[in-house]
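Trainee: Mind having a look at this structure? Questions to follow.
The values are calculated or read from the model by the stated rules, or taken from the named source; none is laboratory data. A quick note: this is a predicted structure, and the numbers were derived from the prediction, not measured. Here the Cβ positions follow ideal geometry from the backbone for every residue, glycine too, while neighbour counts run over all protein chains shown.
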Amino acid sequence: MNIKEFGRRLQKARTELGMSQRSLGLALGLSDKTISSYESSRSYPSLDVLFKISTILNKPIEYFTSSKRVVFIEDYLKRIITKQSDISKDIGIIKDLINTKEKEE
């Protein structure tokens, strides 16, 4: 994988979690300028920092280093499962509200 693709993936993973460059930098003990440097492909993190990035952003290291589509498919499936779980919770809440309303009537 080339460094530009790493920068794009880092930015995507960070923004998916709603994190700013500053907040990611603080979590890593780095400056927001360093994160910007990674994302704009001016530099690349050490393996130690890469491991921390993958942990904080909840992505496997392969997400940032592999050009294989399998990593993206796995990530996409995880997001679908999370959304499905959220929808199931919302349905449960709606059912409870309907049951409560029916009991009141």
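Trainee: Checking the condition in contact (Cβ under 8 Å) with a residue 12 or more places away in the chain and part of a helix (DSSP H, G or I), which residue from Asp75, Asp96, Asp90 passes?
Mentor: Values: Asp96 fails: in contact (Cβ under 8 Å) with a residue 12 or more places away in the chain; Asp90 fails: in contact (Cβ under 8 Å) with a residue 12 or more places away in the chain.
When all the criteria are applied, what remains is Asp75.
Trainee: Taking only the stretch 12-32 into account, find how many residues are over 14 Å from Ile56 (Cβ atoms) and touching a residue at least 12 places away in the same chain (Cβ under 8 Å).
Mentor: Qualifying residue count for the region: 1.
Trainee: Would you say Lys101 is surrounded by 10 or more Cβ atoms within 10 Å (Cβ to Cβ), more than 25 Å from Asn2 (Cβ to Cβ) and free of Cβ contacts under 8 Å to residues at least 12 places away in the same chain? Spell out how you get there, then give the answer.
Mentor: Details: surrounded by 10 or more Cβ atoms within 10 Å (Cβ to Cβ): no; more than 25 Å from Asn2 (Cβ to Cβ): yes; free of Cβ contacts under 8 Å to residues at least 12 places away in the same chain: yes.
The answer is no for Lys101.
Yes/no matrix, rows are residues, columns are (1) assigned by TED's automatic domain parsing to the domain that holds Lys4; (2) of a type outside the set (Gly, Ala, Ser):
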site	(1), (2)
Ser40	yes, no
Pro45	yes, yes
Val49	yes, yes
Arg79	no, yes
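Trainee: With respect to Glu5, determine if the residue is without any contact (Cβ under 8 Å) to a residue 40 or more places away in the chain and among the acidic types (Asp, Glu).
Mentor: Working: without any contact (Cβ under 8 Å) to a residue 40 or more places away in the chain: no; among the acidic types (Asp, Glu): yes.
No; evaluated as a whole, the condition is false for this residue.
Trainee: Of all residues in the stretch 21-39, count the ones that are assigned to a loop (DSSP other than H, G, I, E, B) and either among the acidic types (Asp, Glu) or surrounded by 13 or more Cβ atoms within 10 Å (Cβ to Cβ) (or both).
Mentor: Residues of the stretch 21-39 that are assigned to a loop (DSSP other than H, G, I, E, B), as a first pass: 29-31.
Still in the running and either among the acidic types (Asp, Glu) or surrounded by 13 or more Cβ atoms within 10 Å (Cβ to Cβ) (or both): 30-31.
Result for the stretch 21-39: 2.
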